[in-house]
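**Student:** Here it is, the structure in full.
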Amino acid sequence: MIVRSGVALAVGLLALAVSAEPLPPTPANAVPFTPPDPTSIPDSPLGDMIRFGRDVFTDTQRYAKPYVGNRLNCVNCHLDAGRLADSAPLWAAYVAYPAFRTKNDQVNTFGQRLEGCFRYSMNGRVPPANGAVITGLTAYAFWLATGAPVGAHLAGRGYPEVAQPPRKPSVARGEHVYEAHCALCHQADGAGVKETFPPVWGRESYNKGAGMHRVATAAAFIKANMPLGQGNTLTDQEAWDVAAYINSKPRPADPRLTR
């Protein structure tokens with residue numbers, strides 16, 4: 001599961017799998033979409049904000065550090081600067097909001113969805129809703145979705161669902177998968193390598209309220225994207241098992257359950 005700073009992070013949790021929404025199946029009529037070329041960002045004040053949002057997304061540690069409580073960047077869970085299909089691309093998410101979320105039992109805007117990422121995936125604090133960080137990320141997502149139909153389910157949205165195999169996820173089997181495919185970059189202790197490979201558990205990783213804390217979500221991400229550059233090479237069983245293993249490890253608590 002080779003994950004660089006700027007690429008994705010394979011995660012999930014068996015014990016608290018109810019902490020994120022269930023993965024919706026991709027509809028048969030999903031709309032194909034290709035985001036614009038990076039060179040087409042306009043040379044204007046809006047373009048400047050779009051570029052700032054891209055910087056925040058790819059180097060969150062530098063451009064939004066006051067709001068980050070771990071060593072992750074947004075791009076760790078959304079590959080290719082949020083452009084890659086089947087890696088929760090920003091362009092597909094932008095046109096899907098406002099939307100009702102079972103996670104907080106509310107209709108959320110896209111900005112509120114971003115705020116949740118800082119609180120859970122980044123184990124940090126919510127940036128001001130009208131501040132540069134949220135505005136920049138929103139502008140960047142808006143630009144990536146240029147030409148996409150509002151409200152459509154775009155092909156490549158989220159992570160492709162992986163049905164749970166007949167055998168229940170096994171932490172023991174997952175440990176072997178991790179040793180064979182993940183530990184080279186994320187290290188045996190899951191701590192990764194600073195500024196190169198992100199941590200997949202421990203105090204510097206996402207907390208237990210993050211969407212990737214759900215084993216089904218983690219398995220879907222792993223299956224489609226890991227090892228890096230070798231997506232869809234692990235079996236469904238291996239993806240579920242290693243997701244269960246990674247998320248059997250310690251990590252920060254869900255802030256909704258603590259003071």
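**Student:** In region 44-75, which residues are farther than 20 Å from Val193 by Cα and touching a Cys at 6+ places or on another chain (Cβ under 8 Å)?
**Tutor:** Scanning region 44-75 gives a single hit, Val56.
Residues checked against (1) touching a residue at least 40 places away in the same chain (Cβ under 8 Å); (2) on the phi > 0 side of the Ramachandran plot; (3) hydroxyl-bearing (Ser, Thr, Tyr):
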residue: Ala88; (1), (2), (3): yes, yes, no
residue: Val95; (1), (2), (3): yes, no, no
residue: Ala99; (1), (2), (3): no, no, no
residue: Thr102; (1), (2), (3): yes, no, yes
residue: Asn108; (1), (2), (3): no, no, no
residue: Gln112; (1), (2), (3): no, no, no
residue: Tyr120; (1), (2), (3): yes, no, yes
residue: Gly124; (1), (2), (3): yes, no, no
residue: Pro128; (1), (2), (3): no, no, no
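**Student:** Can you pull out the residues in region 110-129 that are open to solvent by 30 Å² or more (accessible area, probe 1.4 Å) and over 12 Å from Tyr206 (Cβ atoms)?
**Tutor:** Hits for region 110-129 are Gln112, Arg113, Glu115, Arg125, Val126, Pro128, Ala129.
**Student:** Mind checking which residues of region 172-227 are open to solvent by 60 Å² or more (accessible area, probe 1.4 Å), part of a loop (DSSP other than H, G, I, E, B), on the phi < 0 side of the Ramachandran plot and at pLDDT below 95?
**Tutor:** Lys194
**Student:** Please go through region 50-102 and pick out each residue that is surrounded by 21 or more Cβ atoms within 10 Å (Cβ to Cβ), modelled with pLDDT under 95 and out of contact with any strand residue (DSSP E or B) (no Cβ under 8 Å at 6 or more places or on another chain).
**Tutor:** Matches in region 50-102: Cys77 only.
**Student:** In the list Gln237, Gln230, which residue meets the criterion of being part of a loop (DSSP other than H, G, I, E, B) and either surrounded by fewer than 24 Cβ atoms within 10 Å (Cβ to Cβ) or in contact with a strand residue (DSSP E or B) (Cβ under 7 Å, 6 or more places away or on another chain) (or both)?
**Tutor:** Gln230
**Student:** While we're looking at this one, here's another question. Restricting to region 130-141, and then to whatever is open to solvent by 20 Å² or more (accessible area, probe 1.4 Å) and in contact (Cβ under 8 Å) with a residue 60 or more places away in the chain, can you tell me which residue is farthest from the chain's Cα centre (by Cα)?
**Tutor:** Result: Ala132.
The values are calculated or read from the model by the stated rules, or taken from the named source; none is laboratory data. Small disclaimer: the values here were computed from a predicted structure and weren't measured. Methodologically, a virtual Cβ is constructed for each residue, glycine included, from the backbone with ideal geometry; neighbour enumeration extends over all protein chains shown. Remember, those area values only see protein heavy atoms, side chains included, never the ligands or the DNA or RNA. Shrake-Rupley method; radii C 1.70, N 1.55, O 1.52, S 1.80 Å.
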